[in-house]
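Enquirer: To start, I am sharing the structure in question, which I have written as C-alpha cells.
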Amino acid sequence: MSMGYIPQEILDEIIAKNDIVSVVGEYVPLKRRGNNYQGLCPFHHEKTPSFSVSPTKQIFHCFGCGKGGNVFRFIMEIEGLSFPEAVEKLAKRANITLPERELSPVEKKKIEERKRYLQINTAAAKYYHKVLLETEAGKVFRQYLQQRGITQEMIIKFQLGAAPMGWDNLYQFMRSHGVQPEELLQLGLISPGKQSNRYYDRFRGRLMFPICNDRGEVIAFGGRIIDKDSSPQKYLNSPDTPLFHKSKNLYGLHLAKNAIRDKDMAVIVEGYMDVISCHQHGITNAVAPLGTAFTPEQGKLLMRNSYQMAIAFDGDGAGMKATTRCLDVLSDLGCKCRVVHIPNNADPDEYLKTQGKEAFEQLILKSQDLIVYKISRLMENINIDSISGKQEIVEKLLPDLLKLSSAVALESAIREVCSRIQVSEKALWDELRQYRQKQQAGVSVAKAQETEATSEKEEIVSAGEMEMLVLGMLYTQPEKLAMIKQLGGGRLFSPALHKLYQAFEEQIERQGAVNSGEIAAEYSDLLAKCLVTAEKVAEKEQNVQLYILQLRQEQLDNQYQLLVRKLAEAEKMGATEEMLQALKDLEKVRQEKRECEVMRKGE
C-alpha cells in the first residue's frame, strides 16, 4: 500500500512540522543573514551564496539558478523524488500517518525490485563477513588485517569480509537461498561463463569492503587482493548497477557524515584502508572516492554537511594528479579546500600507524590552501627565472585566483604568488583584471545567445523585479488586493506573471489568503522568488503602496510610448479615425499618469 489522496490540511500539517530551515540544514550548511538564512546552492555551481531560505515564509529560492519553492519542492529536487515520495519522506520525518492507496503495478515492481536488490546485497555482505570471521578460508585475511593493525571493532564497524577462492562459492550460496542468476548479474556479484548457463563469482580471493549509501544500505562492493602475485588488479569494484553509480557515492560517508558536520570539515583520502585507519585513530570525518577521479556529484554529497575539505591523497605522481583534479572540482563548487602534505610520500594509513592522531591533525592544521599548493606544484616543473616561465605560471593560476570570493583571501594569494615568482603585485592585479574582463565578455556573449529563443520558463525567470515585489507583498498582505485591482489588477503583470497573479486573486477572494500548497507546481520557482524578493524589501520597511504605484506608473509609461508610435504611424498614413482614437487614448493615459503621480507624492 501507498498513500492515497491527501487532504490539504494534512499537507499543511506536514509543512508545519517540517521547518524548512531545519530540513534544508540537513543538506546545506546555512548561516543567518538578517531575517533569512543563506548558503551555497546545492543545485548549481557557485562560489558566493545566492541560495536563500526564509523561515517566516517557509520557502527557499536561489537567485543564481532560479530554483525555489516550499519544503516539498526542496526534497523533490535534492533527493530526485516525485511529489508523493517527498510527502511520504517528510511525513515520516514528522511522525505523521498518511492515508493509503493501492500502488500501481509499475510502482509496486520498482519498489519491490529495489528492496529485493538491497536484501541480496545485505545477504552477500553477511556471507563475506562470516567467511572472514568464522571460516578456515578467512584465516589468511584475518592474519592480513592483523598485520595491517586493523582492530576487530573496525572489522565489524565497516562490515569487512572475505571472498574465498573458488569459482562459484557465493553463487552456490545465493542459489541455495532462492536468488536467481539474473538478480546476481544485475548487481554485479557474478559474471557469465563462456558456456551457457554457467556463472562464476566476480569477487574471488579478495578482502571485501561493502560500499554503503549515506543511509547505510549496502549498494555495492570493493575487493582487494592481499597477495600481489595473485592478480594484476589490486582493487576490483562492483560495476554500475540499479543501486550503485561509483561517481555518485563515497566510501565511508554513512559513518562519517555526522563527524563532518560536527567538525565542519571532510577529510578526503584515497582508499578503503585509509578511511578505516582514519576512523580507527579517531579521524571519523574521513571518506574516499571509489577508484575513480573525484566528481562534482561526490563533492555535492559532502557539501550537504560542510563546505570545508582537506585532501589527504598519497604523495606519489598519481596521488598528486588526483589531488589537483579534486581541488579543481571542489573549488568550482565553491568549497574551501586545503591539501594535507604527508611527509615522505606516506599515505594516511602509514602515517597514522607511526605518528598517531595528534600528528595527523597537526598536518591538517598546517595544510596548504589551493593557491599555495598549485604554485608549489607548478614551480617543480617550470623555470621561474625565465620570463616565459613566470608568464606560464601566472596564466595557469588566473582561473583559480578568480574563484576566490574573499577580498582578504585574494589579496593574500596574490601576495604569495608574487613573492614566489618575483613579480610585482601591480602586474598580477592587472593580469587578473584583464582576465576577468575577458571572462565576463565571454559570459555576456553566451547569455545573449541563450536569450535568442525565449521559452515561457525563461520569461518567468526574467520577469520584472517590480512585479515580483508586488506579488510577494500581496502574498503576505492579501488586504492590498483591492488597491491592486483599483490600479489595474491583472493588467499590471506581464504574461509570465499574470497566471500567478490570477491564482493569488482567486484564493484571496475565496478564502482571504494565499496558500502556497494550492499553487501549481510549475510556478513554485517563481513563487519562491517573489516571496524572497519581497522579504528583502520588507526588511527595509518600504511602503507597499509605493511599489504598486511604481509598477502602475511603469505600465502607463509603456502604454504612452506605444500610443505615441501608433499616432505617428496614423499621421503618416493619413488615417484620421485612427489618429483621433490614438489622441483620445493618449489623453486617458496622461490623466491616469497624473493621478498615479499624485498618489505617489501623497497629495
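Enquirer: Considering only residues that are aliphatic (A, V, I, L, M) and not in a helix (DSSP H, G or I), look in segment 69-100 and name the one that is nearest to Phe43 (Cα to Cα).
Expert: Residues of segment 69-100 that are aliphatic (A, V, I, L, M), as a first pass: 71, 75-76, 78, 81, 86-87, 90-91, 94, 96, 98.
Subsequent filtering for residues that are not in a helix (DSSP H, G or I) retains 81, 94, 96, 98.
Values: Leu81: 14, Ala94: 25, Ile96: 28, Leu98: 29 Å.
Per the stated criteria, the residue is Leu81.
Enquirer: Something else now. Looking at segment 200-290, what strands (runs of 3 or more DSSP E) fall wholly within it and have at least 3 residues that are under 20 Å from the mean Cα position of the chain (by Cα)? Reasoning before the result, please.
Expert: Numbers: elements: 206-212, 218-224, 235-237, 266-269.
So the answer is 266-269.
Enquirer: Let me confirm something: among Arg101, Arg148, Arg175, which residue is among the basic types (Lys, Arg), closer than 26 Å to Lys228 by Cβ and either modelled with pLDDT of 95 or more or surrounded by 13 or more Cβ atoms within 10 Å (Cβ to Cβ) (or both)? Quick ask: steps written out before the conclusion?
Expert: Numbers: Arg101 fails: closer than 26 Å to Lys228 by Cβ; Arg175 fails: closer than 26 Å to Lys228 by Cβ.
That would be Arg148, the only listed residue that is among the basic types (Lys, Arg), closer than 26 Å to Lys228 by Cβ and either modelled with pLDDT of 95 or more or surrounded by 13 or more Cβ atoms within 10 Å (Cβ to Cβ) (or both).
Enquirer: Tell me which residues, restricted to segment 461-505, are within 15 Å of Leu527 (Cα to Cα), in a helix (DSSP H, G or I) and touching a Leu at 6+ places or on another chain (Cβ under 7 Å).
Expert: If the condition is that a residue be within 15 Å of Leu527 (Cα to Cα), in a helix (DSSP H, G or I) and touching a Leu at 6+ places or on another chain (Cβ under 7 Å), then Met466, Glu467, Val470, Leu471, Gly472, Leu474, Tyr475, Leu497, Leu500, Tyr501, Phe504, Glu505 are the ones that fit.
Enquirer: Let me ask something else about it. Within segment 463-510, which residues are among the acidic types (Asp, Glu) and within 34 Å of the chain's Cα centre (by Cα)? First the steps, then the outcome.
Expert: Step one: of segment 463-510, the residues among the acidic types (Asp, Glu) are 465, 467, 479, 505-506, 509.
Once the filter is applied, which keeps residues that are among the acidic types (Asp, Glu) and within 34 Å of the chain's Cα centre (by Cα), segment 463-510 yields Glu465, Glu467.
The rows are residues; the columns are (1) more than 26 Å from Cys212 (Cβ to Cβ); (2) touching a strand residue (DSSP E or B) at 6+ places or on another chain (Cβ under 7 Å); (3) polar (S, T, N, Q).
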| position | (1), (2), (3) |
| --- | --- |
| Tyr272 | no, yes, no |
| Ser277 | no, no, yes |
| Gly299 | no, no, no |
| Leu333 | no, no, no |
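Enquirer: Going through segment 342-394 one residue at a time, which ones are closer than 30 Å to Gln439 by Cβ, acidic (Asp, Glu) and touching a residue at least 24 places away in the same chain (Cβ under 8 Å)?
Expert: Hit for segment 342-394 is Asp369, nothing else.
Enquirer: Which condition does Ile276 not pass, out of (1) farther than 18 Å from Arg338 by Cα; (2) β-branched (Val, Ile, Thr); (3) surrounded by fewer than 20 Cβ atoms within 10 Å (Cβ to Cβ), if it passes all the others?
Expert: For Ile276, the failing item is (3).
Enquirer: Mind counting the residues in segment 333-360 that are assigned to a helix (DSSP H, G or I), of a type in the set (D, E, K, R) and buried (at least 16 other Cβ atoms within 10 Å of the Cβ)?
Expert: At the first step, the residues of segment 333-360 found to be assigned to a helix (DSSP H, G or I) are 343-345, 348-355, 357-360.
Restricting the remaining residues to those that are of a type in the set (D, E, K, R) gives 349-350, 353, 357-358.
Next, from what is left, pick out any that are buried (at least 16 other Cβ atoms within 10 Å of the Cβ): 349-350.
So the answer is 2.
Enquirer: Take Tyr37 and tell me if it is in contact with a helix residue (DSSP H, G or I) (Cβ under 8 Å, 6 or more places away or on another chain), part of a loop (DSSP other than H, G, I, E, B) and aromatic (Phe, Trp, Tyr). Quick ask: steps written out before the conclusion?
Expert: On the way: in contact with a helix residue (DSSP H, G or I) (Cβ under 8 Å, 6 or more places away or on another chain): yes; part of a loop (DSSP other than H, G, I, E, B): no; aromatic (Phe, Trp, Tyr): yes.
It is false that Tyr37 is in contact with a helix residue (DSSP H, G or I) (Cβ under 8 Å, 6 or more places away or on another chain), part of a loop (DSSP other than H, G, I, E, B) and aromatic (Phe, Trp, Tyr).
Enquirer: Hey, does segment 107-118 have a residue that's assigned by TED's automatic domain parsing to the domain that holds Ser238 and closer than 18 Å to Met273 by Cα?
Expert: The answer is no, given that none of the residues of segment 107-118 is assigned by TED's automatic domain parsing to the domain that holds Ser238 and closer than 18 Å to Met273 by Cα.
Enquirer: Next question, about the same structure. Go through segment 355-383 and give me each residue that's farther than 21 Å from Leu327 by Cβ and among the hydrophobic types (A, V, I, L, M, F, W, C).
Expert: Ala359
Enquirer: Right, here's the next one. Which ones in segment 80-98 are of a type outside the set (Val, Ile, Thr), at pLDDT 85 or above and touching a helix residue (DSSP H, G or I) at 6+ places or on another chain (Cβ under 7 Å)?
Expert: If the condition is that a residue be of a type outside the set (Val, Ile, Thr), at pLDDT 85 or above and touching a helix residue (DSSP H, G or I) at 6+ places or on another chain (Cβ under 7 Å), then Ala86, Lys89, Leu90, Ala91, Ala94 are the ones that fit.
Enquirer: Right, another one. Looking at (1) surrounded by fewer than 14 Cβ atoms within 10 Å (Cβ to Cβ); (2) in a loop (DSSP other than H, G, I, E, B), which is the only condition Lys139 fails?
Expert: (2)
Enquirer: Still on this structure, please answer the following. So, of the residues in segment 491-505 that are farther than 20 Å from Gly69 by Cα and hydrophobic (A, V, I, L, M, F, W, C), which turns out to be surrounded by the most Cβ atoms within 10 Å (Cβ to Cβ)? I'd like the intermediate steps shown before the answer.
Expert: Start the filter on segment 491-505 by keeping residues that are farther than 20 Å from Gly69 by Cα, which leaves 491-495.
From what is left, the residues that are hydrophobic (A, V, I, L, M, F, W, C) are 492-493.
Details: Leu492: 21, Phe493: 23.
Here the residue is Phe493.
Enquirer: Which of the residues belonging to segment 158-176 are among the charged types (D, E, K, R) and assigned to a loop (DSSP other than H, G, I, E, B)?
Expert: Here is the first cut: in segment 158-176, the ones among the charged types (D, E, K, R) are 168, 175.
Within segment 158-176, Asp168 is the sole residue that qualifies.
Enquirer: Here are some conditions: (1) assigned to a loop (DSSP other than H, G, I, E, B); (2) under 24 Å from Gly291 (Cβ atoms). Val179 meets all but one. Which one does it not meet?
Expert: (2)
Enquirer: Just the residues that are touching a helix residue (DSSP H, G or I) at 6+ places or on another chain (Cβ under 8 Å) and more than 27 Å from Ser82 (Cβ to Cβ), please, taken from segment 503-526.
Expert: Of segment 503-526, the ones touching a helix residue (DSSP H, G or I) at 6+ places or on another chain (Cβ under 8 Å) are 503-505, 507-509, 512-521, 523-526.
Within segment 503-526, Glu505, Ile508, Glu509, Gly512, Ala513 meet the criteria.
Enquirer: Restricting to segment 208-264, what's the tally of residues that are touching a residue at least 60 places away in the same chain (Cβ under 8 Å), within 20 Å of Gln308 (Cα to Cα) and hydrophobic (A, V, I, L, M, F, W, C)?
Expert: The total comes to 1.
Enquirer: In this structure, does Ile508 turn out to be touching a residue at least 40 places away in the same chain (Cβ under 8 Å), surrounded by 18 or more Cβ atoms within 10 Å (Cβ to Cβ) and part of a helix (DSSP H, G or I)?
Expert: On the way: touching a residue at least 40 places away in the same chain (Cβ under 8 Å): no; surrounded by 18 or more Cβ atoms within 10 Å (Cβ to Cβ): yes; part of a helix (DSSP H, G or I): yes.
No: the conditions fail for Ile508.
The values are calculated or read from the model by the stated rules, or taken from the named source; none is laboratory data. What you see is a predicted model; the values in this text were computed from it and never measured. Note: ideal-geometry Cβ built from the backbone for every residue, glycine included; neighbour counts use all protein chains shown.
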